[in-house]
Amino acid sequence: MKHLIILVALSISVSLTAQNIAELERRNGFKDLKLGTPIDSVKGAEFRKDVKEKNEFPAKLYEVENPEYKSIGEVKVKKVEIKTYKDLVYEIIVITNKDTRLMKGLEKSFGKPVYIIPSDTYNWKAERLSLTFKDHSKSELRLTYRCYPLLKQMAIDKGKKIDDIAADF
């Protein structure tokens, strides 16, 4: 009987975690900012600079000024940045005031995160995206949403460039 109760409890907790990760996948970003969408569909996005992702992939950094993104509940959002590759959003960065309610809200929405000791971060990972939660400064937190299909596309494109060079010999 004890084994049956434990088995039922474990299956419930596994299904709840799967549902929470499914919610992260369903939302696919922050509010109505969606990963994988064209940058020209983002209202209030202003180009800031060209950047190199991982010091090799050409990307663009945008800052988003839109009143819809100024808060998460009662928590003030200080900055929203977007990185694009080939004009598609692959990363959304949200800088907020430090507030314990933010982590509680994330756990309620997406379940318990995985804590990564070396980087002092909390991570939720779905099939197509991840969400990372960490300190940005003494008074700020940083949420980073990343899109795996576009990150994989960067690596594929790099491989194609190497193949082109090799074929040119």
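Report the Cα centroid-to-centroid distance between the range 90-107 and the range 110-139 in angstrom, as an integer.
10 Å
Any chance you could run the full-extension gain for residue 74 through residue 152? It's 0.36 nm times the residue separation minus the Cα-Cα distance, nm to one decimal.
Working: separation 78, 0.36 × 78 = 28.08 nm, distance 3.57 nm.
Extra length available between residue 74 and residue 152 comes to 24.5 nm.
Over 31 Å between C-alpha atoms is what I'm after, so list which of 108/158; 79/112; 98/125; 79/108; 112/158 land there. Before the final figure, lay out each step's value.
On the way: 108/158 39 Å; 79/112 25 Å; 98/125 22 Å; 79/108 23 Å; 112/158 35 Å.
Too far apart for the 31 Å limit: 108/158; 112/158.
Sorted from largest down, give the three principal axis spans of the alpha carbons of the range 21-169, whole angstrom values.
59, 33, 30
Can you list the HN-Hα couplings for the range 38-53, worked out from phi with the Karplus curve (6.51, -1.76, 1.60; θ = phi - 60°), rounded to whole Hz and with x for Gly and Pro?
Calculated HN-Hα couplings, in order: x, 5, 6, 8, 8, 6, x, 7, 10, 5, 10, 6, 7, 9, 10, 6 Hz.
Which ³J(HN,Hα) values, rounded to whole Hz and listed in residue order, are derived for the range 88-93 from phi using the Karplus coefficients 6.51, -1.76 and 1.60 in 6.51 cos²θ - 1.76 cosθ + 1.60 with θ = phi - 60°, glycine and proline given as x?
10, 6, 10, 8, 10, 10
Any read-out appearing in this document is the output of simple, stated calculations on the displayed coordinates, not a laboratory observation. No experiment lies behind these values; they were computed from the predicted model shown.
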